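To keep things clear, I will list the structure first and then write my remarks on it.
The values are calculated or read from the model by the stated rules, or taken from the named source; none is laboratory data. What you see is a predicted model; the values in this text were computed from it and never measured. Note: ideal-geometry Cβ built from the backbone for every residue, glycine included; neighbour counts use all protein chains shown. Just so you know, the surface numbers come from the protein's heavy atoms only, side chains and all, with ligands and any DNA or RNA stripped out. Shrake-Rupley method; radii C 1.70, N 1.55, O 1.52, S 1.80 Å.
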Amino acid sequence: MEIVMPSFPFHYESPGKEFNWLLSVFAGILMCQTVYKLTGIVSPLFFNGYAKLNDAERIEWNNRGFSTFHALVVAVASLYLLLLSDLFDEGSRAELIVDRRCTLSDTTLGISLGYFLSDLAMIVWQFPALGGLEFVLHHGLSMFSIFLSLVSGQAQVYILMVLFTESTTPFINLRWYLDVAGQKNSKLYTFNGVALFLMWLVARILLFIFFFYHMYTHFYQVKEVFPLGFYSLLVVPPMLAVMNLFWFWKITKGLVKTVSKARHRE
């Protein structure tokens, strides 16, 4: 009698590849720890008020340092993989777009997974000073999706699109830095608010519209993703999109308020 083994949703990787992505996760954690410490060392050299911050403010200041660094790294890598390389170009390779991956994409996902693990640990440790339940939900969904894509090798094109939304993080962090530094009434604070609004509109609203359009036009490929990954693609991105719309509404309200104050001062 022939025994039929059930298909396993994840791709079996050679020990070398598995070691590479595990190493990239560790590298992401190490990156966060290193930048956190460097931020605490370098900040007093450029901002005299750093010494006057209380312990909670210093922790958040340094935390935002490594979140900014991570955002720049993954945004550049995602932009390169999605637009500049031919990895996800139609017809450039034999395999389906949802099955395409490379060493750089694996490394990018691994580093990002290490970041979210580190940041979530700090959020829980300092809860709710560094973020409320919405940040725990956001990080949890992000880690779940990245992990599935990394170990399966599927749907990396969509994970990279979502990771590019981290490009808004430097503007969010700069707004907080300026506020703590007493520069909330400065022109830089206003300009940064406008830049944040525009970047959020592009990276977290319009890009998500393209994300869903791409999924719709490539749904015959999306259906080839293993079941848990397939249903995650149907559930997680809409949840993130709703969160992005909620935060965009708050950003818009804040921008209107800031611009109105700037006009009154003039």
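Output the number of the condition that Ala94 fails; it satisfies all remaining conditions of (1) within 24 Å of Leu148 (Cβ to Cβ); (2) in contact with an Asp or Glu (Cβ under 8 Å, 6 or more places away or on another chain); (3) surrounded by fewer than 20 Cβ atoms within 10 Å (Cβ to Cβ).
Ala94 satisfies all of (1) within 24 Å of Leu148 (Cβ to Cβ); (2) in contact with an Asp or Glu (Cβ under 8 Å, 6 or more places away or on another chain); (3) surrounded by fewer than 20 Cβ atoms within 10 Å (Cβ to Cβ) except (2).
Can you report the number of residues in the range 193-203 which are open to solvent by less than 60 Å² (accessible area, probe 1.4 Å) and farther than 16 Å from Lys253 by Cβ?
Qualifying residue count, the range 193-203: 3.
Which of the residues belonging to the range 118-138 are surrounded by 19 or more Cβ atoms within 10 Å (Cβ to Cβ) and of a type outside the set (D, E, K, R)?
Correct list: Ser118, Leu120, Met122, Ile123, Leu130, Gly131, His138.
Give the residue, chosen from Gly65, Gly40, that is of a type outside the set (Lys, Arg), modelled with pLDDT of 95 or more, over 19 Å from Asn20 (Cβ atoms) and under 15 Å from the mean Cα position of the chain (by Cα). Can you show your working first?
Values: Gly40 fails: under 15 Å from the mean Cα position of the chain (by Cα).
Testing whether each residue is of a type outside the set (Lys, Arg), modelled with pLDDT of 95 or more, over 19 Å from Asn20 (Cβ atoms) and under 15 Å from the mean Cα position of the chain (by Cα) leaves just Gly65.
One line per residue, one yes/no per condition, for (1) free of Cβ contacts under 8 Å to residues at least 60 places away in the same chain; (2) touching a strand residue (DSSP E or B) at 6+ places or on another chain (Cβ under 9 Å); (3) part of a helix (DSSP H, G or I):
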residue: Ser92; (1), (2), (3): yes, no, no
residue: Thr107; (1), (2), (3): no, no, yes
residue: Tyr115; (1), (2), (3): no, no, yes
residue: Pro128; (1), (2), (3): yes, no, no
residue: His138; (1), (2), (3): no, no, yes
residue: Ile172; (1), (2), (3): yes, no, yes
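Among what's in the range 149-160 and is open to solvent by less than 10 Å² (accessible area, probe 1.4 Å) and in contact (Cβ under 8 Å) with a residue 60 or more places away in the chain, pick the residue that is farthest from Phe69 (Cα to Cα).
Applying the first criterion (open to solvent by less than 10 Å² (accessible area, probe 1.4 Å)) to the range 149-160 yields 149-150, 152-153, 155-158, 160.
Filter once more, so that each one left must be in contact (Cβ under 8 Å) with a residue 60 or more places away in the chain: 149-150, 152-153, 155, 157-158, 160.
On the way: Ser149: 23, Leu150: 21, Ser152: 27, Gly153: 25, Ala155: 25, Val157: 22, Tyr158: 22, Leu160: 17 Å.
Step by step, filter the range 149-160, then rank; the result is Ser152.
Would you mind finding the one in Leu84, Leu30, Leu79 that is open to solvent by 60 Å² or more (accessible area, probe 1.4 Å), at pLDDT 95 or above and out of contact with any helix residue (DSSP H, G or I) (no Cβ under 9 Å at 6 or more places or on another chain)? Give the derivation first.
Values: Leu30 fails: out of contact with any helix residue (DSSP H, G or I) (no Cβ under 9 Å at 6 or more places or on another chain); Leu79 fails: out of contact with any helix residue (DSSP H, G or I) (no Cβ under 9 Å at 6 or more places or on another chain).
None of the other options fit; the residue is Leu84.
Going through the range 54-76 one residue at a time, which ones are surrounded by fewer than 17 Cβ atoms within 10 Å (Cβ to Cβ) and either part of a loop (DSSP other than H, G, I, E, B) or among the polar types (S, T, N, Q) (or both)?
In the first step, residues of the range 54-76 are kept if they are surrounded by fewer than 17 Cβ atoms within 10 Å (Cβ to Cβ); the result is 54-58, 72, 76.
Scanning the range 54-76 gives a single hit, Asn54.
Considering only the range 222-237, state which residues are of a type outside the set (Asp, Glu) and either touching a Cys at 6+ places or on another chain (Cβ under 8 Å) or touching a residue at least 24 places away in the same chain (Cβ under 8 Å) (or both). Please lay out each step first, then the result.
From the range 222-237, those of a type outside the set (Asp, Glu) are 222-223, 225-237; that's our starting set.
Result: Val222, Val225, Phe226, Pro227, Leu228, Gly229, Ser232, Leu233, Val236, Pro237.
In the range 130-145, which residues are out of contact with any helix residue (DSSP H, G or I) (no Cβ under 8 Å at 6 or more places or on another chain) and either of a type in the set (Gly, Ala, Ser) or at positive phi (or both)? Walk me through how you get there before you give the answer.
Filtering the range 130-145 down to residues out of contact with any helix residue (DSSP H, G or I) (no Cβ under 8 Å at 6 or more places or on another chain) leaves 132-133.
Within the range 130-145, just Gly132 meets the criteria.
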